[in-house]
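Peer 1: One structure follows; several queries about it will come next.
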Amino acid sequence: MVLERPRTPLVMRERPERAPAAGEILIEVAACGVCRTDLHVVDGELPHPKLPIVPGHEIVGRVATIGAGAAELTLGERVGVPWLGSTCGACSYCRSGRENLCDRALFTGYTRDGGYATHALADARYCFPLPQRPDDAEVAPLLCAGLIGWRSYRMATAAEQLTGAARLEALGLYGFGAAAHILVQVAAWQGRRVYAFTRVGDEAAQVFAKSLGAVWAGGSDEMPPEPLDAAIIFAPVGPLVPLALKAVKKGGRVVCGGIHMSDIPSFPYRLLWEERHIVSVANLTRVDAREFLALVPQAGVKSEVTRYPLAAANDALADLRAGRLQGAAVLIP
């Protein structure tokens, strides 16, 4: 399924199968998650995509062909392909362990073709062996919703990790979609109190959040029953930033977990005062992926997915855009 121009429907195209170049593998796609970032690409909210582009960066599949120099993987092995498709390895960001900020990075489904397809090429260095689960569709959302959620979570808890500050006990999640429905399970497993903020009036999402471990769920216009130690915003809605700042306590942190967000409105300085922080999360690193994928079986994380055939990719995107999903959408070739 190919995006030929932003803000137009994807179209089915038959392409010749390509052999992997040196360092690449060809993957037979078993499932590909539908991420909100895909929606930003399709809707023209992210600039300068490679066009035409095959979207999709939550790829689960089996290694079908191995290019020269990609010897660490084996034929038939199940692997996952995330958003970060490759980096230069030489810039100051890469050399300092911040490859997520590489200026010459390529991104799966945005600047290199992704997984809305039967087969996909990938840089073998940025593919990961996957947890042994029987359901490929359930694993797919872990490759971005899970990973970006994990990086956001690590940033939210950075103060306790780096400075020995008081343990983060109360965590707010704004926007209860694919990422939040995975992350709430991790945070609850670690004994934190999670407060879920949904679209106003979305009672089904609030019930869903509580079923996964949230201690409270309400609309994004509500204040939680107690001040939050930190909040993560997954919804791409700028006006949530001052609301989250209002909800966090002194020294609290608000993490913006999306790659795109509408403009943040002006707000009074008193919401930021008392050493509150606003930070953003950009992409992910391979270290994030290895940490998170190792933690998933320990925490018993399960993904709630709605399956669509590959040809129904536009329907899946429309359902995501309209907020009709609980959990994540996944395409099955």
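Residue-by-condition table, conditions (1) among the small types (Gly, Ala, Ser); (2) in contact (Cβ under 8 Å) with a residue 12 or more places away in the chain:
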residue	(1), (2)
VAL184	no, yes
GLY191	yes, no
THR198	no, yes
ALA209	yes, yes
GLY213	yes, yes
GLY218	yes, yes
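Peer 1: Sticking with this structure for a sec: Pick from ARG78, ARG104: which is surrounded by fewer than 17 Cβ atoms within 10 Å (Cβ to Cβ) and not polar (S, T, N, Q)?
Peer 2: One residue alone meets the criteria, ARG104.
Peer 1: Need the failing condition index for LEU26 against (1) farther than 24 Å from THR306 by Cα; (2) exposed (fewer than 13 other Cβ atoms within 10 Å of the Cβ); (3) in contact (Cβ under 8 Å) with a residue 12 or more places away in the chain, just the number.
Peer 2: Going through the list (1) farther than 24 Å from THR306 by Cα; (2) exposed (fewer than 13 other Cβ atoms within 10 Å of the Cβ); (3) in contact (Cβ under 8 Å) with a residue 12 or more places away in the chain, LEU26 breaks only (2).
Peer 1: Within the set of pairs 6 or more residues apart or between chains, which connect a residue that is within 14 Å of THR108 (Cα to Cα) and β-branched (Val, Ile, Thr) inside the range 29-57 to a residue that is open to solvent by less than 10 Å² (accessible area, probe 1.4 Å) and assigned to a helix (DSSP H, G or I) with Cβ atoms less than 8 Å apart?
Peer 2: VAL34/ALA313; VAL34/ALA316; VAL34/LEU317; VAL42/LEU317; ILE53/VAL41
Peer 1: Okay, next question. When you go through (1) modelled with pLDDT under 95; (2) under 18 Å from the mean Cα position of the chain (by Cα); (3) not acidic (Asp, Glu) one by one for PHE107, which number turns out not to apply?
Peer 2: Going through the list (1) modelled with pLDDT under 95; (2) under 18 Å from the mean Cα position of the chain (by Cα); (3) not acidic (Asp, Glu), PHE107 breaks only (1).
Peer 1: Among the candidates ARG104, ARG112, ARG78, which residue alone is more than 21 Å from GLY258 (Cα to Cα) and either among the basic types (Lys, Arg) or without any contact (Cβ under 8 Å) to a residue 40 or more places away in the chain (or both)?
Peer 2: ARG78 is the lone residue from the list that is more than 21 Å from GLY258 (Cα to Cα) and either among the basic types (Lys, Arg) or without any contact (Cβ under 8 Å) to a residue 40 or more places away in the chain (or both).
Peer 1: Hey, another quick one. What about ALA282, is it surrounded by fewer than 17 Cβ atoms within 10 Å (Cβ to Cβ) and assigned to a helix (DSSP H, G or I)?
Peer 2: Spelling it out, it is not the case that ALA282 is surrounded by fewer than 17 Cβ atoms within 10 Å (Cβ to Cβ) and assigned to a helix (DSSP H, G or I).
Peer 1: Look at ALA244 and say whether it is of a type in the set (A, V, I, L, M) and under 27 Å from LEU3 (Cβ atoms).
Peer 2: No, not satisfied.
Peer 1: Another one. Of all residues in the range 40-69, which are open to solvent by 10 Å² or more (accessible area, probe 1.4 Å) and on the phi > 0 side of the Ramachandran plot?
Peer 2: GLY44, HIS48, GLY69
Peer 1: Sticking with this one: Would you kindly identify the strands (runs of 3 or more DSSP E) lying entirely within the range 163-255 that contain at least 1 residues that are touching a helix residue (DSSP H, G or I) at 6+ places or on another chain (Cβ under 7 Å) and open to solvent by 10 Å² or more (accessible area, probe 1.4 Å)?
Peer 2: 216-219
Peer 1: Regarding VAL279, is this residue over 30 Å from ARG13 (Cα atoms) and at pLDDT 95 or above?
Peer 2: Yes; evaluated as a whole, the condition is true for this residue.
Peer 1: Hey, could you check the range 6-45 for residues that are β-branched (Val, Ile, Thr) and within 22 Å of LEU143 (Cβ to Cβ) and say which is farthest from the chain's Cα centre (by Cα)?
Peer 2: Among those that are β-branched (Val, Ile, Thr) and within 22 Å of LEU143 (Cβ to Cβ), it is ILE25.
Peer 1: Do we find a residue being within 22 Å of the chain's Cα centre (by Cα) and of a type in the set (Asp, Glu) anywhere in the range 58-70?
Peer 2: Yes: one or more hits.
Peer 1: Take the residues in the range 110-134 that are open to solvent by less than 60 Å² (accessible area, probe 1.4 Å) and more than 30 Å from PRO16 (Cβ to Cβ), then tell me which one is nearest to the chain's Cα centre (by Cα).
Peer 2: PRO131
Peer 1: Same structure again: Considering every residue within the range 290-305, establish whether at least one is of a type in the set (Gly, Ala, Ser), more than 18 Å from the chain's Cα centre (by Cα) and either open to solvent by 50 Å² or more (accessible area, probe 1.4 Å) or under 23 Å from PRO225 (Cβ atoms) (or both).
Peer 2: no
Peer 1: Among the residues of the range 290-332 satisfying the criterion of being in a strand (DSSP E or B) and hydroxyl-bearing (Ser, Thr, Tyr), which is nearest to VAL29 (Cα to Cα)?
Peer 2: Among those residues, the one meeting the criterion is TYR308.
Peer 1: I've got another one for you. Among the residues of the range 6-30, write down those that are in contact with a Leu (Cβ under 7 Å, 6 or more places away or on another chain) and within 28 Å of GLY327 (Cα to Cα).
Peer 2: If the condition is that a residue be in contact with a Leu (Cβ under 7 Å, 6 or more places away or on another chain) and within 28 Å of GLY327 (Cα to Cα), then LEU10 is the only one that fits.
The values are calculated or read from the model by the stated rules, or taken from the named source; none is laboratory data. For clarity, every value in this text was computed on a predicted model and none was experimentally measured. Cβ atoms come from the backbone with ideal geometry, glycine included; neighbour counts cover every protein chain shown. Each accessible area value is taken on the protein alone, full model and side chains, heavy atoms only, with ligands, DNA and RNA left out. Shrake-Rupley method; radii C 1.70, N 1.55, O 1.52, S 1.80 Å.
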